[in-house]
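Visitor: Got a structure for you, written out below as structure tokens; questions coming shortly.
Bear in mind these aren't lab numbers, they're just calculated from the coordinates by the rules spelled out. Just so it is clear, the structure is predicted and the values come from calculations on it, not from any experiment. Note that each Cβ is placed from the backbone with ideal geometry, even for glycine, and that neighbours are counted across all protein chains shown.
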Amino acid sequence: MEKLTEIISKKVYCLGSGNGLGYVLNVVFDNSLSRIKSIIVVDDDSELEGDIDVKNIKLCGEYFFVENQNCLFYGGESFSTNPIGKGVFTQNGADCGKIREVLLNNFKVEAFVTEKLTFSPKQICVWGNDAIIIGRKKKHLVNAQQKPAFETSQPQQLVSITASPVIKEAPVMPYRITTDAKNLIGKMATRDIFGLNNEIIIKKFEIITQKKLNDAKKHNKLNILFYNCK
């Protein structure tokens, strides 16, 4: 079992070339939030972002390893569908807290964890940019007209059964999470943040100040800090 927060910031290496490809900036889930499809990798120096399909990840552990650098795709639109931070509500409007962690098994989602409960992807009815709704999925009736099975000499009264029209929901578009770095001031780091030379620039449980924010920006670690503070 692995935690999503442990995947963010992992280093990615290529077994075929021995080169480091960067670190995991974020992840992309499928439409049902049941598994991770790809990881968004950013180069340490250029900050250039690319996608790697998780099918191309051969070894998982403290680091990710791929066999060929060609599996890192640049030039596409890398939209994150990371659910961490989204509010969770029931169909009756009850507040279930915000998602703090996602438990994974070989990139498949086992459970989502909020401050108040734990639930599975099967319990999700709807999810959007800001919230996830859990409960029972509604089943729509299909329009149909009942016809007699056979003809008889006696006149029969045909009953037309009309169901309510099917309502199609607009597809949920993935989105990119953005934030003002100044909003991080006053929050607490939830893990050690390492700089470009592997020195600790922000310690776990340390309160983020303007100076610490400047250090994170200097070392290109703002994105990692954003996903590892509360």
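Visitor: In terms of modelled amide H atoms, which long-range or inter-chain residues lie less than 5 Å from the amide H of residue 185?
Guide: Answer set, sorted by chain and number: none.
Visitor: Let me ask another. Which FRET efficiency value, to the nearest 0.05, is calculated for residue 60 and residue 5 with the Förster distance at 22 angstrom and r the Cβ-Cβ distance?
Guide: That pair, residue 60 with residue 5, gives E of 0.90.
Visitor: 7 Å from Cα along Cα→Cβ at both residue 90 and residue 185: what's the point-to-point distance in nm?
Guide: Roughly 4.1 nm, to one decimal.
Visitor: Still on this structure, please answer the following. Could you work out how far the C-alpha centroid of segment 200-230 sits from that of segment 1-68, in angstrom?
Guide: About 21 Å separates the Cα centre of segment 200-230 from the one of segment 1-68.
Visitor: State the extension gain, in nm to one decimal, for the chain segment bounded by residue 131 and residue 217, taking 0.36 nm per residue of separation less the distance between their alpha-carbons.
Guide: 28.0 nm
Visitor: For labels at residue 230 and residue 106 in the simple 7 Å Cα→Cβ model, what's the distance in nm?
Guide: Placing both labels 7 Å beyond Cα along the Cβ direction yields 3.0 nm.
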